[in-house]
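Participant: Mind looking over this structure? Questions follow.
The values are calculated or read from the model by the stated rules, or taken from the named source; none is laboratory data. Since we're looking at a predicted model, the values are computed, not measured. Cβ placement follows ideal geometry from the backbone for every residue including glycine, while neighbour counts extend to all protein chains displayed.
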Amino acid sequence: MAKRDYYEVLGVEKTASAEEIKKAYRKKAIQFHPDKNPGDKQAEENFKEAAEAYDVLSDPQKRQRYDQFGHAGVGGASQGGGFGGMSMDDIFSQFGDIFGGHFGGFGGFSGFGGGSRGGRRVNRGSDLRVKVKLNLKEIATGVEKKIKVKKYVTCSKCHGSGAEDDHSSKTCETCHGSGVVTRVANTILGQMQTQTTCPTCGGEGKIITKKCSECNGEGIVRDDEVITINIPAGVAEGMQLSMSGKGNAARHGGINGDLLILIEEEPHPELIRDENDILYNLLLSVPQAALGGTVEVPTIDGKAKVKIEPGTQPGKVLRLRNKGLPSVNSYGTGDLLVNVSVYIPETLSASEKEIMNGLENSPNFQPKKSVKEKIFDKFRHMFD
Ligand SMILES: [Zn+2]
Ligand SMILES: [Zn+2]
């Protein structure tokens, strides 16, 4: 069986951008994830196939070779379902890049930090942390938040170079612009070459002769920036999202840090969140529980009518399907669980007492044993 075309596997066009490819893979990875498809061999094959396609198409060089030469260009055999060199562990380690941070969030490549490029050091700005408080309604739908942050931005006068003008910097004479110096040491094993960061320019390859007057040669200034954050539906308290490149700008035109967004959840006055389900405690009066009827319960986005059957017992749980929260990194929506409680009057008037006395020995008002047992069963796990 010949291998399928990688673009076809991910369901993207040949012209797809890196971000589109990443998005498409993320979707497939979630769809065919072994945790979601236990024991499903076909899903596992699809999962591996998508990982392999992404491994090639996410790497510009491999992608180019694949475009030119097909599967042969990327070393993959053109026959069979054999999976070239990528284990499940490899696939999962790729996930940090795909899903970023602590969960299947959003944002671009973040594994780019502080690296060196051709020996010359590239500064990286520090990450910026913000907290975003959301109510249940915002969590249910996802929300766009605009927040103002104080951060380092690139100096507009020198465009980050830190030099006053084009003539205010020169190539470092110690390293001739490479940012590194090579030392040769004589050891018992012979001559050893070691490369270290140039001490004169600190690895930047350039010396500023006249500092920019706006940023004092740093290349960055403090400023306010309004950042638009798209928060996906279904996030929860404590989750952290990241937006690459939206953190602090780096000195001398380096790479921006990331913006890290910590999610906080505003408690709802009546509803309690339990993962993707929402819990509500419905308090009925004795006549309501006995006679039945229709009552209103609060939902995330308004109210819902719930039918109460005559003789409804306290402890009964009514399930309103899909009235919960969507799952943040897979499909499906939670439910609204309405726990029925019955309010027993704490004080009674003389006439109410009379009615109650009349009912006390009425056969229908005698508790049935099965009801008690049912309630006990519900909590039995607490005693085991
Ligand atoms: Zn400047
Ligand atoms: Zn130097």
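Participant: Hey, does the range 224-237 have a residue that's over 19 Å from Lys146 (Cβ atoms), crowded, with 18+ Cβ neighbours inside 10 Å and within 16 Å of ligand 2 (Cβ to nearest atom)?
Facilitator: The answer is no; no qualifying residue exists.
Participant: Mind listing whichever residues of the range 285-313 are of a type in the set (Ser, Thr, Tyr) and closer than 17 Å to Pro345 by Cα? Give the derivation first.
Facilitator: Step one: filter the range 285-313 for residues of a type in the set (Ser, Thr, Tyr), giving 285, 294, 299, 312.
Of everything in the range 285-313, just one residue is of a type in the set (Ser, Thr, Tyr) and closer than 17 Å to Pro345 by Cα, namely Ser285.
Participant: Restrict the check to the range 144-156 and report whether at least one residue is of a type outside the set (Lys, Arg), within 16 Å of ligand 2 (Cβ to nearest atom) and surrounded by 21 or more Cβ atoms within 10 Å (Cβ to Cβ).
Facilitator: no
Participant: Could you list all residues from the range 186-199 that are in a loop (DSSP other than H, G, I, E, B) and either modelled with pLDDT of 90 or more or within 12 Å of ligand 2 (Cβ to nearest atom) (or both)?
Facilitator: Cys198, Pro199
Participant: Is one or more of the residues making up the range 218-234 within 28 Å of Asp258 (Cα to Cα), modelled with pLDDT under 95, part of a strand (DSSP E or B) and over 33 Å from the mean Cα position of the chain (by Cα)?
Facilitator: No.
This table checks each residue for (1) free of Cβ contacts under 8 Å to residues at least 40 places away in the same chain; (2) part of a strand (DSSP E or B); (3) not polar (S, T, N, Q).
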| position | (1), (2), (3) |
| --- | --- |
| Leu241 | no, yes, yes |
| Lys246 | no, no, yes |
| Ala250 | no, no, yes |
| Gly257 | no, no, yes |
| Asn281 | no, yes, no |
| Leu284 | no, yes, yes |
| Glu296 | yes, yes, yes |
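Participant: Continuing with this model, one more query. What pairs come out if I take residues in the range 152-164 that are over 20 Å from Glu225 (Cβ atoms) and pair them with residues that are modelled with pLDDT of 95 or more and among the aliphatic types (A, V, I, L, M) whose C-beta lies under 7 Å away, six or more apart or interchain?
Facilitator: Filtered contacts from the range 152-164: no entries.
Participant: Now, a different point. Within the bounds of the range 162-185, is there any residue that is assigned to a strand (DSSP E or B), within 16 Å of ligand 1 (Cβ to nearest atom), out of contact with any helix residue (DSSP H, G or I) (no Cβ under 8 Å at 6 or more places or on another chain) and more than 30 Å from Thr333 (Cα to Cα)?
Facilitator: yes
Participant: What residue, of Lys323, Lys307, is among the charged types (D, E, K, R) and either at pLDDT below 95 or surrounded by 11 or more Cβ atoms within 10 Å (Cβ to Cβ) (or both)?
Facilitator: Lys323
Participant: Sticking with this one: For Thr182, are the conditions met, namely being of a type outside the set (Lys, Arg), within 16 Å of ligand 2 (Cβ to nearest atom), over 26 Å from Cys215 (Cα atoms) and surrounded by fewer than 15 Cβ atoms within 10 Å (Cβ to Cβ)? Walk me through how you get there before you give the answer.
Facilitator: Details: of a type outside the set (Lys, Arg): yes; within 16 Å of ligand 2 (Cβ to nearest atom): yes; over 26 Å from Cys215 (Cα atoms): yes; surrounded by fewer than 15 Cβ atoms within 10 Å (Cβ to Cβ): yes.
Considered against the rule, which asks whether it is of a type outside the set (Lys, Arg), within 16 Å of ligand 2 (Cβ to nearest atom), over 26 Å from Cys215 (Cα atoms) and surrounded by fewer than 15 Cβ atoms within 10 Å (Cβ to Cβ), Thr182 comes out as yes.
Participant: As an exercise: evaluate Asn339 against (1) in contact with a Gly (Cβ under 8 Å, 6 or more places away or on another chain); (2) free of Cβ contacts under 8 Å to residues at least 60 places away in the same chain and give the number of the one condition it does not meet.
Facilitator: Here Asn339 meets the rest and fails (2).
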